[in-house]
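The values are calculated or read from the model by the stated rules, or taken from the named source; none is laboratory data. Values in this document were obtained by computation on a predicted structure and should not be read as measured data. Here Cβ is always computed from backbone atoms with ideal geometry, including for glycine, and neighbour counts include all displayed protein chains.
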Amino acid sequence: MVIKRNLIDVVTNMLDKLAKAKTKRLELAGSSNMQVQLHEQFEKIEKELRDAGEVFPRVKNWEKFVTDKFDSIEQDLEDMLDECKDLKEFEAKFQSILKKVEKITTVNSEIQLHSIPSGNPDLSQTRQSMSNAKNVSADWQRLRIEESILENTVMANLQVSYDILEPQLKLCLLCFSIFPDNSEIKKRPVIYWWIGEGIVTHTKDKTAEEVGEGIFTELAEKGMIEPVYKNKSPMVTSYLMHPWIRLMVVSVAKKARFFDFDDAGKPMADCPISRRACLVLPTDNTHFQLSGERQPITLFNVNQEYLHVNLGWFSKQKKLVVLQLGRWQNSDLHHIEVDSAEFLKGLEEQIQLKYLSLCGISRITELPDSIAKLTNLKILDLRACHNLEELPSTIKAMKKLSHLDVSECYLLENMPKGLGLLSNLEVLKGFVIGNSRSKDPCQLKELAELKKLRKLNIIVGNDAVVGEEDLNQLQQFESLRVLTIRWGRVVHSAPTENTKLMIRAATMTMESLSMPQNLEKLDLQCFPDNVSPKWLTPSNLKNLERLYIKGGKLHSLQCEDNEAWNVKILRLKFLKYMEMNWSVMQKAFPHLVYLEKIKCDNLESFKCDKNGVWMNDKDEKICTNTL
């Protein structure tokens, strides 16, 4: 009959024998230096065995492993005490023990990867261990060892960090459960999702997006997600989740019926239990039609590339509040095609919808006029719909719209008149200044009516025309904090009767543009002149903290002797004509914390590293809101 020994007794007996072996080995040692070295080695072995004796009894999956190793070590110790007569024999057994202890130490460190004290929700003691274990996790998953992790106290300790979160943070964290392992997760679509479901709302002092930004920061501080710093930039737009934390989050989300998952922990396309469904690969076909009786409130495209949406089914999904059909990844490599845009006609039935993303979907040339029936829609994300040619004029009826993104929609030639009626609009990206052929387009001056507008992206398109009064209105945008202007090729044509008072946008924006006084970020792309315009000065942009200039003909950023920028982050890219020496730059930008210089041939004197980055150690506070 096999007698199962108590692991604590095994460790106690083994430590006693280790002490005796230590005494015997020190007696055989010749020099005092050798005794010191041996003493340290024995102390290390003792510590590792004590640690293992504390950890392994709490992890049933590893108890047999460590018991076998301990039995072997105990046998080596007995041989050392009873049979080893000289130093050579003793050393051989000692080396055997060291190797076995090393194996135990390796497994011990992995098991303690996330052994979190309940009083330490910030996980500060475990972050380095998590980093070291990332490469191990993939191999362990193939061996199906991660299934056993879910059963032990390591995962229980991990869940303690979840249990102590505030309810809002818990709900936000569970949304991460559907993203694949090691995914780089962009903030923008996740925050939009939170807003759509009502998990995140505005407060008296903050917009809903700012609240969402704060949640990302708090989850990062608690070790649940990790910020991705690109090229050392302090501005964070993406996050990662450690695979083991994801295991815990998936486990909790499954139990809470937040999503439906298969046995491998992957989100399911069907939702028999939860109220949220995913479009996932692999699948037997590209048609999706949920079979559950419960209508979902969220439908999220995780990795489907080819969509066939059944119009009949789609029209019946009247409880959807979040519809993320487009890509959530930032890369253009994640391409999505729809076989027909006919399903968009069913949008008129989605009257509860608050967030709609068609981002990156090709073959959508227009939206139906009936989209105006989405009276509860807050966020419309059409970014990178490369085939989109026009927006419906009825969009002005969507009074609750706070975000409209049509950036990277290169076939748009103008914007529909009436956008100034969208009084709740906070973010407008991709506003195209129309050309002389546009029929009654929305003009820039209309946007002055948008008192909540805080982020604006303007496209000065080909052959664009703009009135002087339009550009002067920009200074009236008191809430505007972020402004991007991108210039395109200017095609001159003879003015008509209707355009006598209009002048070319490229010329006007160089000469007569007036900047909003509270602007914090300015992004200029493909600036068409070599002379710095009079509005691009520190005195006109006193609150500016981030200045990005990409492409174009600009030669310098020099300012008057008595002026200096308050800019803290400066990015200069693809400026082959710009000339400025390092000392002048430092004088003009005394508060600079981060400088990025990419392919600017005449700025070789800048003290940037091989990646084109220079950083100051000043303890300057930077607004890291990137949305």
### Task
Would you check if residue 532 is modelled with pLDDT of 90 or more and over 21 Å from residue 234 (Cβ atoms)?
no
### Message
If I filter segment 241-282 down to residues being without any contact (Cβ under 8 Å) to a residue 60 or more places away in the chain and β-branched (Val, Ile, Thr), which single residue comes out as nearest to residue 184 (Cα to Cα)?
### Response
280
### Task
Output the residues belonging to segment 388-420 that are part of a helix (DSSP H, G or I), closer than 26 Å to residue 200 by Cβ and out of contact with any strand residue (DSSP E or B) (no Cβ under 7 Å at 6 or more places or on another chain).
397, 419
### Message
So residue 372 ticks every box in (1) out of contact with any Gly (no Cβ under 8 Å at 6 or more places or on another chain); (2) surrounded by 22 or more Cβ atoms within 10 Å (Cβ to Cβ) but one. Which box is left unticked?
### Response
(2)
### Summary
Within segment 545-575, residues being among the polar types (S, T, N, Q) and touching a Ser or Thr at 6+ places or on another chain (Cβ under 7 Å) number 1
### Matching entry among 597, 573, 553, 607 (being in contact with a helix residue (DSSP H, G or I) (Cβ under 7 Å, 6 or more places away or on another chain) and of a type in the set (Lys, Arg))
607
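For segment 552-582, name all the residues that are closer than 18 Å to residue 484 by Cα, buried (at least 17 other Cβ atoms within 10 Å of the Cβ) and at pLDDT 90 or above.
Residues of segment 552-582 that are closer than 18 Å to residue 484 by Cα, as a first pass: 552-554, 557, 567-575.
Then keep just the ones that are buried (at least 17 other Cβ atoms within 10 Å of the Cβ); that gives 552, 554, 557, 567-572, 575.
Hits for segment 552-582 are 552, 554, 567, 568, 569, 570, 571, 572, 575.
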### Query
In segment 313-330, how many are of a type in the set (D, E, K, R) and either in contact with a Cys (Cβ under 7 Å, 6 or more places away or on another chain) or not assigned by TED's automatic domain parsing to the domain that holds residue 374 (or both)?
1
### Query
Which residue pairs have Cβ atoms closer than 6 Å, lie 6 or more positions apart in sequence or on different chains, and pair a first residue in segment 178-194 that is under 16 Å from residue 244 (Cα atoms) with a second residue that is in a helix (DSSP H, G or I)?
181/243
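The rows are residues; the columns are (1) modelled with pLDDT of 80 or more; (2) assigned by TED's automatic domain parsing to the domain that holds residue 319; (3) in contact with a Phe, Trp or Tyr (Cβ under 8 Å, 6 or more places away or on another chain).
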{"site": "120", "(1), (2), (3)": "no, no, no"}
{"site": "139", "(1), (2), (3)": "no, no, no"}
{"site": "148", "(1), (2), (3)": "no, no, no"}
{"site": "151", "(1), (2), (3)": "no, no, no"}
{"site": "159", "(1), (2), (3)": "no, no, no"}
{"site": "166", "(1), (2), (3)": "yes, no, no"}
{"site": "186", "(1), (2), (3)": "yes, no, yes"}
{"site": "192", "(1), (2), (3)": "yes, no, yes"}
{"site": "196", "(1), (2), (3)": "yes, no, yes"}
### Only listed residue being out of contact with any strand residue (DSSP E or B) (no Cβ under 6 Å at 6 or more places or on another chain), more than 18 Å from residue 185 (Cα to Cα) and either surrounded by 17 or more Cβ atoms within 10 Å (Cβ to Cβ) or not assigned by TED's automatic domain parsing to the domain that holds residue 238 (or both), chosen from 333, 358, 367
367
### Summary
Condition set assigned to a loop (DSSP other than H, G, I, E, B) and surrounded by fewer than 15 Cβ atoms within 10 Å (Cβ to Cβ), scope segment 296-313, selection modelled with the highest pLDDT: answer is 305
### Query
Which residues, counting only those in segment 336-355, are closer than 12 Å to residue 314 by Cβ, surrounded by fewer than 16 Cβ atoms within 10 Å (Cβ to Cβ) and either among the acidic types (Asp, Glu) or free of Cβ contacts under 8 Å to residues at least 24 places away in the same chain (or both)?
342, 348
#### Entry: Given (1) within 21 Å of residue 590 (Cα to Cα); (2) surrounded by fewer than 18 Cβ atoms within 10 Å (Cβ to Cβ), index of the condition residue 544 fails
(2)
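Let's see how each residue does on (1) more than 26 Å from the chain's Cα centre (by Cα); (2) among the aromatic types (Phe, Trp, Tyr); (3) surrounded by 15 or more Cβ atoms within 10 Å (Cβ to Cβ); (4) modelled with pLDDT under 90:
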{"site": "590", "(1), (2), (3), (4)": "yes, no, no, no"}
{"site": "593", "(1), (2), (3), (4)": "no, no, yes, no"}
{"site": "596", "(1), (2), (3), (4)": "no, no, yes, no"}
{"site": "599", "(1), (2), (3), (4)": "yes, no, no, no"}
{"site": "611", "(1), (2), (3), (4)": "no, no, no, no"}
{"site": "615", "(1), (2), (3), (4)": "no, no, yes, no"}
{"site": "621", "(1), (2), (3), (4)": "no, no, no, yes"}
{"site": "626", "(1), (2), (3), (4)": "no, no, yes, yes"}
### Query
Could we say that residue 249 is β-branched (Val, Ile, Thr), on the phi < 0 side of the Ramachandran plot and over 12 Å from the mean Cα position of the chain (by Cα) here?
yes
